[in-house]
1. Of the accessible area of segment 21-88, with the probe set at 1.4 angstrom, what percent is carbon plus sulfur?
2. How large is the dipole of segment 441-540 about the Cα centre if only Lys and Arg carry +1 and Asp and Glu carry -1, each at its Cβ, rounded to the nearest 20 debye?
3. Looking at segment 13-104, I'd like the Rg to Rh ratio, where Rg is from alpha-carbon atoms and Rh is Kirkwood's inverse mean 1/r.
4. Tally Lys/Arg at +1 and Asp/Glu at -1 over every other residue whose Cβ is under 11 Å from the Cβ of Gly500; what's the total?
5. With a 1.4 Å probe and all protein chains left in place, how much of the accessible area of segment 165-257 comes from carbon and sulfur atoms, in whole percent?
6. Mind checking which of Ala236, Thr219, Pro163 is farthest towards the positive end of segment 124-260's charge dipole, using Cβ charges of +1 (Lys, Arg) and -1 (Asp, Glu) about the Cα centre?
7. Leaving out ligands and nucleic acids, note down the accessible area per residue over segment 483-567 with a 1.4 angstrom probe, in whole Å².
8. Can you give the FRET efficiency to the nearest 0.05 for Asn457 and Ser272, using r as the Cβ-Cβ distance and R₀ = 35 Å?
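The values are calculated or read from the model by the stated rules, or taken from the named source; none is laboratory data. A quick note: this is a predicted structure, and the numbers were derived from the prediction, not measured. Cβ: placed from backbone, ideal geometry, glycine included. Neighbour counts: every protein chain shown. Each accessible area value is taken on the protein alone, full model and side chains, heavy atoms only, with ligands, DNA and RNA left out. Shrake-Rupley method; radii C 1.70, N 1.55, O 1.52, S 1.80 Å.
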Amino acid sequence: MSIITDFKFAVRSLARVKGLAITVIATLALGIGANAAIFSVVRGVLLRPLVNKDEDRLIYVRQSALGIKAENAKFSVPEIRDLRSRVKTLSSIGEFSTIDFTMVGLGEPRVVRAGVVSGSYFDVMGLRPVLGRLIDATDDGPQAAGVAVLTHRFWTSALASDPSVIGKTIRLSDRAATIIGVVEPSVPYPAQTEIIANIVTSPHHLSATMTEGRVHRMTDLFGRLAPGSDLDAARAELRTAHATMVNEHREDYPKKADFQIDAVRLRDQITSPARTVLLVLLAASGLVFVIACSNVANLILARSVRREGELAIRAALGATAGALRRTLLAESLLLCGAGAALGVAIAWPMVAVLARYAARFSVRALDLTIDPSLLWVGVGLALVSAVLLAFVPRLPSSDASNGSGLSNGSVRITSGTNRRLRLFAVTQIAASFVLLAGAGTLLTTLYALQRARTGINTHNVLALHVPVNFTRPREQSMPLYREALRRVAALPGVEQVSIGTLVPWREAGAFFEAQFTVEGYAKADGEDDPRGRFRTVSPGFFASLGVPIIAGRDFNANDRNDSEKVVIVSQSLAQRLFPNQDAVNRRLMWTDPVMKFIDVSTGPRRIIGIAADIDDENVIPGPTLTVYHPLEQEFGGGRVFVHARTDPYSLVPPITRIIRDLSPEQPVERAATLDDVRAEVLAPDRLNALVFGVFAAVALTIAVVGVAGVLAFSVSARTREFGEGAVMAGGGILAGVISGIVLSRLATSYVTDVHMPGLLPILGAAVLLVVAAILASLMPAARASRVDVVQALRSE
């Protein structure tokens, strides 16, 4: 019964200070909500086990070539054969090649991202079907029937979980495949795919290029540790086997490329890109929680000074120290329980936002859902807060309990208490300054990205995906694009139409770089041939994107497959190779070994023009070494660019009709202006700024509440002190600058891309905090100004 009595008394006591109760609950809700949301995301991405059977024995094998900036160079089929025959610490190996298919047979023709796998893949990965069966060893070999497994996400989102899809025949580009199953929900690694098919569905995988090309690397490799083996043993054996392989085929592993092999647990491979950023967010949310608790402790400490008389009277009437502490604990539990409930409600939508943010770094966040851990985190933080806050107030001294000072109704604040109040407030401001400066840095970076000059006319230029079917001879596919260009150019409102290799920025990294040389270019001793971007474009491409031809000419209709091989190079390429000479009319030759596997001639090509740089990989452009080929000579592309005089989106329906009239099964997808493509690419940076901005705003709000509370108490207790707001803000900013420098330098030793905020974010954060502190000072200052001067002097 005493507990119930304590809670009843706590309710009556808090009802007399509604403003303080609301402030404490709101502050705790912000701190608990932020931490509960972040912990849910961290748990879902970093700590939640994979659904794969015996996932602790599942590893990812990675080959890198850092000398050519290939952190993940993948593997070729000959390399996989060598490793499979030499490595015994892995009981089985599974291969996964990512490829795009044009899929026909399930609604509208569409391009699907697919995985092409051998029969061992699903067994190695330890995945099970939720419908039908999965690909196995019976589906291997060039004579096997084409089969495909749907990923669970694609089955549920695009096909509404239709069970009748099993047994249906679809066409993947030009090969038929039967849908045999749906795989259980699982992490889509190494790529988010819609289907997973056997090797026979991809003619490329059956070609000599794939089966014999040691430098044709496009396959990810997974392994399952053999019984009795551990990761260290597997890693050592893989490195030994890899070294032997490199020694046997030195011509395929240039020394400067620095080919290496490594193995990590699959879960670590999946989560590693997200680990640092999520731990930073977790630390930031922990900081917010500390700020919240410090703020609430300030308020409770201030109230306890006011309540010394009340507590002394209760002690004089016989209340023990334990009874008094139980009363304080009951109040804390009520406040913290309400704060936790509100915090969990706040955290619910925050998880969705943070999951989108985390999905930038790990595919594990794609299927993140709210789970009970959110509630338990809130309850745990509430209990911790309640216990801490119950022991912040000082109980009455023995003198007070004997009645000393009970008649004195004034509020007395000791110098020690006042120092603690100010210290807590300064700490809150310093932490808020660090978060605000960091958020300001992200905002200024985003502004710089948005304002960067791209060298491309992004206004009124529409880009559409009209993918090439590379399984067909070019003689069958080329007429479609010729006629489509002719008909689209005749549409009202179309100023220029062309074809390119990829959509700038959206498809960064989707195409390759290769080594080349140009007649007259003398390499330095030991220097490798330069590497350049390989691009295919139609005549008018540069005009469509507003890119000037600096020297020579553009491609034209005479640059056919049966005419002289020609190329256009970027301005940076010409300046780097021939800084004081003319590059036009020189002969360029591709020297990269990969060319012989992708049917690209290594014969000479005459440079007919020099175009201004187009950096289609980076939003902030840099110098680019790019070689452009005419569409008729090196067939490729599949991206249509339309420079419109009117609203570009109004042209999408007629363009789609034109292409579907020419080929009913041709996908036409992802129509967007280059302005919108750029905005889409910058969306993660905006989300980055938003997430850290929210944390900074939460910290600022709590700090303002803390400053206002301290000032309100200080003014009521010592009415002579009115300038404390600016003093605390200044001290907090100074402490924040020092702390920020220390933390930045400490973080830089572990994370290379951490930089100190610039002058603008620092000044912005300082001004914002000073203004907030002044505003927080206005209310108590206004109230104090109405106090009678004589009364104020007597109170001191």
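1. Details: 1510 of 2690 Å².
Whole-percent figure for carbon plus sulfur exposure: 56.
2. Numbers: 12 positive and 10 negative charges, 108 e Å.
With only Lys, Arg, Asp and Glu charged at Cβ, the dipole is about 520 debye.
3. Across segment 13-104, the Cα-based Rg/Rh ratio is 1.34.
4. Values: positive: Arg535, Arg639; negative: Glu507, Asp616.
Net local charge, Gly500 excluded: 0.
5. Values: 2020 of 3840 Å².
Answer for segment 165-257: carbon and sulfur cover 52 percent of the accessible area.
6. After comparing all options, I get Pro163.
7. Numbers: 3710 Å² over 85 residues.
On a per-residue basis, 44 Å².
8. Numbers: r = 39 Å, r/R0 = 1.11.
The calculated FRET efficiency here is 0.35.
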